[in-house]
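A short worksheet on the structure shown next.
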Amino acid sequence: MIIPVKWSDEGVLMLDQRLLPTEEKWLTLRTYDDVADGIRDMVVRGAPAIGVSAAYGIALGIKQFVGTNVDDLSEDLDYICEVLGRTRPTAVNLFWAIARMKETFARAKDSGKTISEIKEIMIADSKAIHDEDIAAQALIAKFGGELIADNSTVLTHCNAGALATGGVWGTALGVIRGAIAQGKKISVIADETRPYLQGARLTAWELLQDNIPVTLITDNMSGHMMKQGKVHAVVVGADRIAANGDAANKIGTYMVAVLAKRHSIPFYVAAPLSTIDMNCPTGEQIPIEERNIREITHMKEIQLAPDGISVENPAFDVTPNDLIAGIITEKGVARSPFSESLKKMFE
Ligand code: MRU
């Protein structure tokens, strides 16, 4: 059972996903700043896992407050949230977790809790956010598993597994694990997912751990696989889903969605409600992270491109709602028109 981030009395424990699949190393992050660095530098990555890590970072920062004035603690909270909020812009789970922890703090403060009581309440709520994420994935696995036919091959892009969430199931990989738990025979085709190789390094590693048949391909092979009839469904995760159903996910997902449409293959997005941003009307408004171009020009120390080449490195793209067959959440599967079906999920 994979749990990529944990709370401990020493600090926040994070499995260093930069070193996978060849090395399993745990880092103990002792300050909220370290947690922020862990998110920014992708020690931990994946929208729900970023949310859980941010919640733990906030709880850690609050726990380390040494003052006696609750208003000073409140100021510290704002600063801690600002630092964590600046790490990565696209995954809305980060901002969802920050807002949730701020609400919890305000309720505790307004009800006259002491500083030590507030510390306990914040730690407890960060753990609750983690538990709720895992519980949501189990439901996504159930509802999603029911959509996948026996003897199917599912293509997935990036890593939306246990490593990318609070752990255990994952979202897109949760759907695959859910179908298998329902007794179905499922195999997976995993896009390597350049430039950071979350598919080759993380999805392949996770599925091999679970003895789930997986075949690795380069991203530019997915069209060929579909044309040969080797793909029966596509399931991916999401970093932010707009109120109209447009979904942001790892760069390359949009391309896979267009190909799936061309070959009449159902394209599903699996994500918890914490990834749905009802304040974001369409995909146009989703901020897309631009990452360091060295992720493209170099593979670790090996230089791949000539010096001075101009490079772009958007980390995510947006799949428009008309290419999505269903959005699988812990409340069930939302279908088009998504502006209505997603709203219902929050009622
Ligand atoms: O840059 P990353 O590795 O954080 O991107 C992750 C993805 O795009 C995932 O598919 C998404 O966050 C969903 S994780 C359940």
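None of the figures in this text is laboratory data; all of them are computed from the coordinates on show. Computed from a predicted structure; not experimentally measured. Cβ placement follows ideal geometry from the backbone for every residue including glycine, while neighbour counts extend to all protein chains displayed.
Structure data summary
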quantity: In nm, spacing of pseudo-spin labels at ASN313 and SER187 (7 Å Cα→C-beta vector); calculated: 3.5 nm
quantity: Net charge contributed by nearby residues that have their C-beta within less than 9 Å of ILE286 (K/R +1, D/E -1); calculated: -3
quantity: Ranked ASP239, ASP41, criterion: other C-beta atoms within 10 Å, fewest first; calculated: ASP41, ASP239
quantity: Relative contact order of the chain, pairs being alpha-carbon contacts under 8 Å that are 6 or more residues apart, as %; calculated: 16 percent
quantity: Point-charge dipole on Cβ atoms (K/R +1, D/E -1) for region 157-286, about Cα centre, debye to 20; calculated: 440 debye
quantity: Value of relative contact order over region 220-347, rounded to a whole percent, pairs C-alpha under 8 Å and six or more apart; calculated: 32 percent
quantity: Virtual spin-label span in nm between SER339 and ALA99, 7 Å along Cα→Cβ; calculated: 2.0 nm
quantity: Sites GLN303 and GLU24, calculated FRET efficiency, Cβ-Cβ separation with R0 22 Å, nearest 0.05; calculated: 0.20
quantity: Listed residues ALA55, ALA136, VAL154: farthest to the positive end of the dipole of the chain (Cβ charges); calculated: VAL154
quantity: FRET efficiency for THR31 and LEU273, using Cβ-Cβ distance with R0 set to 35 Å, rounded to 0.05; calculated: 0.70
quantity: Size of electric dipole in the chain: Cβ of Lys, Arg +1 and of Asp, Glu -1, about Cα centre, debye, nearest 20; calculated: 1140 debye
quantity: Contour minus Cα-Cα distance for ARG262 and ALA124 (0.36 nm per residue); calculated: 44.9 nm
quantity: Euclidean distance of C-alpha centroids, region 26-105 and region 317-347, integer Å; calculated: 29 Å
quantity: Protection proxy ranking of 166-178, 256-268, 302-314 - average other beta-carbon atoms within 10 Å, highest first; calculated: 166-178, 256-268, 302-314
quantity: Added length on full extension, which subtracts the Cα-Cα distance from 0.36 nm per residue, GLN228 to ARG294; calculated: 20.3 nm
quantity: Residues whose placed amide H lies under 5 Å from that of HIS298, excluding near-sequence neighbours; calculated: LEU304
